[in-house]
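In what follows, a structure is listed as structure tokens, so that the remarks can point back to it.
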Amino acid sequence: MRMNGTVYSQILGIDTGISVVTPNHLDSKKPYRIAYLLHGLYANHQMWTDYTLLPHYAEEGNTIYIMPDMGRSFYTDMKYGGRYYTYLTEELPEICRHLFRISSSRENTIIMGGSMGGFGALKCALNKPEQYGICCAFSSGFLFFNELLTEIKLHGMSQEYKTHFGPQMEQDFTLIFGETLELLPENDLLALASKAAGSGLFPDLYLTCGTEDILYPDHLSFTQELSNRQIPYAFESWKGGHDYEYFSQALQKAITRFHL
């Protein structure tokens, strides 16, 4: 079953878009697993239903997929904008528990995403390991976010970066981090991973990236840093670019891997 609509968020102060995909035949007595599935920078909450085979993958599964519209927020409580991180990690789960029969255990709570959504999934799971038992991040952007902001503060945004991500990115960063591009500890994924690993609660971490993706070298560096810190993870790569065909393949692999 596939649904698109809006919910009212007290945190954001607006009606905001949401898509939901469920198995075809729902058992009213069975608590389902829940997967928050996050979109990329140029997409919205309908990305996964419009451009991947998610509705087909979910037909006979045991998981309800929740896809919120998070704009170009980078899954952050913005300096000059909405508190999207708080909405995603605090308010939205409460809304979902009122609307659907879902399990409340961390073992049955999954967060996944592609590109900017991959960063968002990692950020949420590593900030709140007590909340998410599984994290799947596909072709994640901004794995070294604070290093990027430091570089921009020192030298400005490069022309290559503007060409790749568009001129709006400078405005996005100002709205999110303020004019000083404040470095936020909740965006330092490696530091968060080290802290979560030491807490005794660490999500089952599954990362993927296509070998033709411009972000592939960052993934090799990031996973090497995880290994250096003895932080558990799984990483898969295969031939593919930064596109919906690859995201759909990665999503299918994650669903199979975790029996969703």
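The values are calculated or read from the model by the stated rules, or taken from the named source; none is laboratory data. Fair warning: this is a prediction, and the values are worked out from it, not measured in the lab. FYI the Cβ positions are ideal-geometry reconstructions off the backbone, even for glycines, and counts take in every protein chain you see.
For the range 148-184, give me each residue that is surrounded by 13 or more Cβ atoms within 10 Å (Cβ to Cβ), touching a residue at least 40 places away in the same chain (Cβ under 8 Å) and in a helix (DSSP H, G or I).
Matches in the range 148-184: PHE165, ASP172, THR174, LEU175, ILE176, PHE177.
Tell me yes or no: at least one residue of the range 114-123 is hydrophobic (A, V, I, L, M, F, W, C), in a loop (DSSP other than H, G, I, E, B) and either surrounded by fewer than 24 Cβ atoms within 10 Å (Cβ to Cβ) or modelled with pLDDT of 95 or more (or both).
no
Condition test on MET169, is it modelled with pLDDT under 90 and closer than 23 Å to LEU12 by Cα?
Criteria met by MET169.
Only one of (1) free of Cβ contacts under 8 Å to residues at least 40 places away in the same chain; (2) under 17 Å from LEU37 (Cβ atoms); (3) touching a strand residue (DSSP E or B) at 6+ places or on another chain (Cβ under 9 Å) is not met by LEU251, so which one is it?
The failed condition is (1).
Quick check on my filter: what residues within the range 21-39 are touching a strand residue (DSSP E or B) at 6+ places or on another chain (Cβ under 9 Å) and either hydroxyl-bearing (Ser, Thr, Tyr) or surrounded by fewer than 19 Cβ atoms within 10 Å (Cβ to Cβ) (or both)?
THR22, PRO23, LEU26, PRO31, TYR32, TYR36
I need a count of the residues in the range 74-88 that are out of contact with any Phe, Trp or Tyr (no Cβ under 9 Å at 6 or more places or on another chain) and part of a helix (DSSP H, G or I).
Matching residues across the range 74-88 total 2.
Among the residues of the range 89-113 satisfying the criterion of being in a strand (DSSP E or B) and over 21 Å from SER73 (Cα atoms), which is modelled with the lowest pLDDT?
Looking at the filtered set, the residue picked out is ILE102.
I need every pair where a residue in the range 92-111 that is buried (at least 19 other Cβ atoms within 10 Å of the Cβ) has its Cβ under 7 Å from the Cβ of a residue that is assigned to a strand (DSSP E or B) and of a type in the set (Gly, Ala, Ser), sequence separation at least 6 or different chains.
Close Cβ pairs satisfying both conditions: ILE110/ALA35.
Condition first: in contact (Cβ under 8 Å) with a residue 60 or more places away in the chain, aliphatic (A, V, I, L, M) and touching a Ser or Thr at 6+ places or on another chain (Cβ under 7 Å). Can you find one or more residues in the range 185-198 that meet it?
No - not one qualifying residue is present in the range 185-198.
Report every pair of residues separated by at least 6 positions or lying on different chains whose Cβ atoms are under 6 Å apart, first residue within the range 65-82 and free of Cβ contacts under 8 Å to residues at least 24 places away in the same chain and at negative phi, second part of a strand (DSSP E or B) and charged (D, E, K, R).
Matching pairs, first to second residue: ASP77/ARG83.
Within the group ASP243, ASP213, which residue is over 28 Å from THR22 (Cβ atoms) and either modelled with pLDDT of 95 or more or not basic (Lys, Arg) (or both)?
Answer to the check: ASP213.
Among the residues of the range 218-253, write down those that are surrounded by fewer than 15 Cβ atoms within 10 Å (Cβ to Cβ) and more than 24 Å from TRP48 (Cβ to Cβ).
LEU220, SER221, GLN224, SER227, ASN228, ARG229, GLN230, PRO232
Report whether or not PHE142 is farther than 22 Å from GLY17 by Cβ and touching a helix residue (DSSP H, G or I) at 6+ places or on another chain (Cβ under 6 Å).
Yes, satisfied.
Name the residues in the range 50-79 that are touching a strand residue (DSSP E or B) at 6+ places or on another chain (Cβ under 7 Å) and not aromatic (Phe, Trp, Tyr), would you?
Scanning the range 50-79 gives LEU54, PRO55, ALA58, ASN62, THR63, ILE64, ILE66, MET67, PRO68, ASP69, MET70, ASP77.
Counting just the residues of the range 218-260 that are among the acidic types (Asp, Glu) and under 19 Å from the mean Cα position of the chain (by Cα), which one comes out nearest to LYS195 (Cα to Cα)?
ASP218
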